[in-house]
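Single-structure report; data block below.
The values are calculated or read from the model by the stated rules, or taken from the named source; none is laboratory data. Predicted model only: the values in this text are computed from it and were never measured. Cβ sites come from the backbone with ideal geometry, for glycine too, and all protein chains shown count toward neighbours. With ligands, DNA and RNA removed, areas are computed over all heavy atoms of the protein, side chains included. Shrake-Rupley method; radii C 1.70, N 1.55, O 1.52, S 1.80 Å.
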Amino acid sequence: MNTAALKKASSVSLSRADCEDFLINEARLLDEARFDEWLALFTPEAHYWVPSEPNQKSPLDTVSLMYDDRRLLETRVRRLSSPKIYSQEPRSRTSRIVTNVTIESAVNGVTKVRSKFVMVEYRREEQRLFAGTYLHDLVLIDDAIRIAFKKVDLVNADAPMDGLVVPF
Amino acid sequence: MQAYSVDDLSSAVQPARVHRRLYTDPAIFELEMERIFGVAWLYVGHESQVRNPGDYFLTQVGRKAMVVTRDDTGKLRVLHNQCAHRGAMVVASDCGHAKEFQCVYHGWTYHLDGRLKAVPLNHGYPSDFDTKNPRTSMTQVPRVESYRGFIFISQAKDGQSLTDYLGHMATSIDDMIDRAPDGEIEMAGGVFRHAYNANWKLYLENLCDAAHPWFTHRSSIDAAQQQSDDVYSDGTGEIAIRQMRQNGAPYSFWENQVGIWTYPNGHSYLGDYHDDKKLVASMEDPLFRDYIGILEAKKGKDEVKRILEVRRWNSNLYPNLSFMSQFQQLRVVHPISVNRTVVNTYCFRLKGAPEQMFRNTISFANIVNGTGSLVLTDDLEIYNRIGIGLHSDGAEWIEVGRGYHSDVRDEFGGLKGKNSTSEVYIRNMFEAWRGYMLGDKAGAAQAMKESA
Ligand code: FES
Ligand SMILES: [Fe+2]
């Protein structure tokens, strides 16, 4: 977040209902594989983080299932739209439920939102179930809610897992 | 299940092809667990995980649960994680520090070296019950040895020494450690545990495969090449994108400039295929400049020149280990069943190197070894496709003949591919496979060379 954007955002606090609507819409974009639109929800300096351990302190000195700055997140999304992404041939179908939305804090225009999610993924005759906690740092830029940071704590973060291609 | 004779096993591995059943038959898998994983030297962990007496960690050897400990005298021990009473798993937390191990079923208590220490209610056992009898101990793995901190075990009482097993490939382990200014590395940074529905052998068969990245990893190569440099990056994306771009090197490069070397016992390494200054030690990068300065202060200019001229990408120690010294990554293969494999991948810190080097190691692991990465997910997809494909019996044989007629000897007793895309390292692993499976390692290896 640059300072100008922060100033602009600081006077506004997001309601729980606004945040919930936003999260439901985000889940829908992912389920419908509208990854470019999903990417557009992130601020330029955003990070997207899926830790590999429960209670993982830092993405810098412990490996993560996903830890993308904006540049890597863009690359991830470009790859998802490539016809040569063989790990998505056939494509995964997913269905997500986002619920238990609470606002944890709202400081300097950054609203920290916690929610619970369940995602079912179906691909090549196998169905997988993921569940966990989303932590979003949401900001308002030009009247639109944007993600400054998103962390996905999977309940099975440290389990042996088959490849993860569709973001959570 | 089919029973396999020596002749069946022997003829299943031919000079340039192997039988499909080696990847699909549960009976073969059971034999492999007994004759390869039950005999060969296997990597189980690193001494930095058990620095002090009482430190321990759990590991799996093939499918067997084991605990690696350092006993009161400082000696490394590897024990079956199994109570001598009724067989319960004794140690339940992944790692820690203990004075003794106690089974929570009936309270049998063991010393750190596995010997029985105490039994509650011990008056009730038969009159010949003896806490000194090895039958009442947690079973020790007969041979535990480490090479420069890398702990290996063999479940065979005697056989080849660890030094003979490693042979020239010990230089790959040396390479990883030599890069540490303080002469020491430590396992750090967590673990990836990835799984796929296919045979364990496929994992090592992919790691020195220079013919596949350009094709299999196309989506990430394209995405990284199209990605502009001016998008926000905190450095996390940097290493990743550079690595993906390198995978897009032209075929002529893969063919001629990488290099593939193989050594006895199924070992191999692929040369480094990178020319990006962030991915190879180079004076142009400020971080490397700092690092090389520190290294030179400790080891002298000539030695550092020698160290950095060793340029290896993946090194494979058959049958369960693969590692890479440049980014300090290591993977351990755990066969679960004929059609299911788990691979654990770890990182190392070079002691005395700038902390940013370790952070680059983490970033690199996230993109190359990560279960959710943009690269490895394609490899997992390929293993799964092989797992499906091989269950058709359209083709009885798997071809591993690429480069067969052009392999050349090297000065350290190995065989290398004339081209880097030679499948020589797969043939070399099957030579070791046949040796183990026939229970006459040296003899079988010799026969295969003569037939070649
Ligand atoms: S099974 Fe361990 S004490 Fe009985
Ligand atoms: Fe690959």
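Every condition in (1) within 19 Å of residue A:64 (Cβ to Cβ); (2) open to solvent by less than 20 Å² (accessible area, probe 1.4 Å) is met by residue B:325 except one, and the failing one is (1). Scanning region B:13-72 for residues that are out of contact with any strand residue (DSSP E or B) (no Cβ under 8 Å at 6 or more places or on another chain) and under 26 Å from residue B:157 (Cα atoms) turns up B:27, B:28, B:30, B:31, B:34, B:35, B:36, B:38, B:72.
Considering A:78, A:71, the condition of being open to solvent by 60 Å² or more (accessible area, probe 1.4 Å), touching a Ser or Thr at 6+ places or on another chain (Cβ under 9 Å) and at the interface with another protein chain (Cβ under 7 Å from one of its Cβ atoms) is satisfied by A:78 alone. Scanning region B:264-297 for residues that are of a type in the set (Ser, Thr, Tyr), in contact (Cβ under 8 Å) with a residue 40 or more places away in the chain and farther than 21 Å from residue B:207 by Cα turns up just one, B:291. Put simply, of B:35, B:21, B:63, B:17 the only residue that is assigned by the TED database to the domain that holds residue B:110 and open to solvent by 20 Å² or more (accessible area, probe 1.4 Å) is B:63. Those residues that are surrounded by 18 or more Cβ atoms within 10 Å (Cβ to Cβ), more than 9 Å from ligand 1 (Cβ to nearest atom) and assigned to a loop (DSSP other than H, G, I, E, B), I need them from region B:83-114; list them, please. Once the filter is applied, which keeps residues that are surrounded by 18 or more Cβ atoms within 10 Å (Cβ to Cβ), more than 9 Å from ligand 1 (Cβ to nearest atom) and assigned to a loop (DSSP other than H, G, I, E, B), region B:83-114 yields B:91, B:111, B:112, B:114. Restricted to helices (runs of 4 or more DSSP H) entirely inside region A:1-112, those with at least 3 residues that are over 12 Å from the mean Cα position of the chain (by Cα) and at negative phi are A:3-10, A:16-31, A:70-80.
Does any residue of region A:102-124 turn out to be within 14 Å of another protein chain (Cβ to nearest Cβ) and surrounded by fewer than 16 Cβ atoms within 10 Å (Cβ to Cβ)?
yes
Only one of these is hydroxyl-bearing (Ser, Thr, Tyr) and closer than 27 Å to residue B:344 by Cβ: A:105, A:58, A:13. Name it. Result: A:58 is the single residue among A:105, A:58, A:13 that is hydroxyl-bearing (Ser, Thr, Tyr) and closer than 27 Å to residue B:344 by Cβ. Restricting attention to region B:298-353, the residues being assigned to a loop (DSSP other than H, G, I, E, B) and either of a type in the set (A, V, I, L, M) or touching a residue at least 12 places away in the same chain (Cβ under 8 Å) (or both) number 14.
Inclusion of residue B:82 among residues that are polar (S, T, N, Q), in contact with a Gly (Cβ under 7 Å, 6 or more places away or on another chain) and touching a residue at least 12 places away in the same chain (Cβ under 8 Å) is not warranted.
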